[in-house]
Amino acid sequence: MIELKTMFLTIITENLKNKAEAEILSGVIKNELGELWEIEKIEPYHKFKNSYKIELKITFIEKEQHELNNLAIIFTDQLLSPWLVYFDHFETSIELIYNKADNTQKRKIEFEAIKWGHLQIVTTVS
C-alpha cells in the first residue's frame with residue numbers, strides 16, 4: 001500500500017474584476033510554489049464582490065509528516081506572512097490559515113489581491 005499526502009491550498013481573492021485576472025494571479029502563485037503544484041479550480045466566490053476562489057494542490061508519495069509540515073510553512077511563506085498554525089497532535093499534522101491585515105507581508109505585489117488562505121494536508125492510502 002502506498003501512502004499519498006496531498007497539500008490543498010485554497011485562496012480567496014478580492015478586487016479582481018474578472019476570471020482572467022484570477023487566472024493570472026493563480027499562475028503567479030503556481031510559479032512561486034513550483035511547477036509540481038496543480039491549479040484545480042478557479043471560480044467566483046460570491047461572499048465578496050469581485051472575489052474568486054482559487055484551489056491548488058500538490059501530492060507527495062511516502063513523505064514523512066514532519067517534512068510535509070516544514071514544506072507547508074515554506075510554501076505559504078513564499079506567498080504571504082503571517083499564517084496561523086493549527087497543530088493536530090494525534091495526526092502530527094498542521095493546517096495554516098492566512099487573513100489579510102494591515103501588518104501582513106506580501107512577497108509579490110500581485111498577492112495584494114489575496115484576502116484569505118487555507119492550506120491543509122490530507123493523507124490517503126491506495
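A short reminder: the numbers here are calculations on the coordinates, not readings from a lab. Values in this document were obtained by computation on a predicted structure and should not be read as measured data.
The mean sequence separation of alpha-carbon pairs under 8 Å and at least six residues apart, normalised by the residue count of the chain, gives a relative contact order of 37 percent. Each part reduced to its alpha carbon centroid, segment 28-59 and segment 84-126 end up 13 Å apart.
Compute the Cα gyration tensor for segment 1-60, then decide on rounded, prolate or oblate, letting a ≥ b ≥ c be the square roots of its eigenvalues: rounded whenever a/c is under 1.5, prolate when a/b is larger than b/c in the other cases, and oblate in all that remain. It comes out prolate by the Cα gyration axes. Helix 19-33 and the long axis of the chain differ in direction by around 40°, with both axes built from C-alpha atoms. Its DSSP H runs of at least 4 residues, each contributing -39,500 (n - 2.57), put the calculated 222 nm mean residue ellipticity of the chain at -7000 deg cm²/dmol, to the nearest 500. Here are a few candidate values for P(r) over Cα pairs in 10 Å bins from 0, in percent: (1) 11, 26, 26, 28, 9, 1, 0; (2) 12, 41, 33, 12, 2, 0; (3) 13, 45, 32, 10, 1. Which one was actually calculated from the structure I just gave you? For P(r) over Cα pairs in 10 Å bins from 0, in percent, the calculated option is (3).
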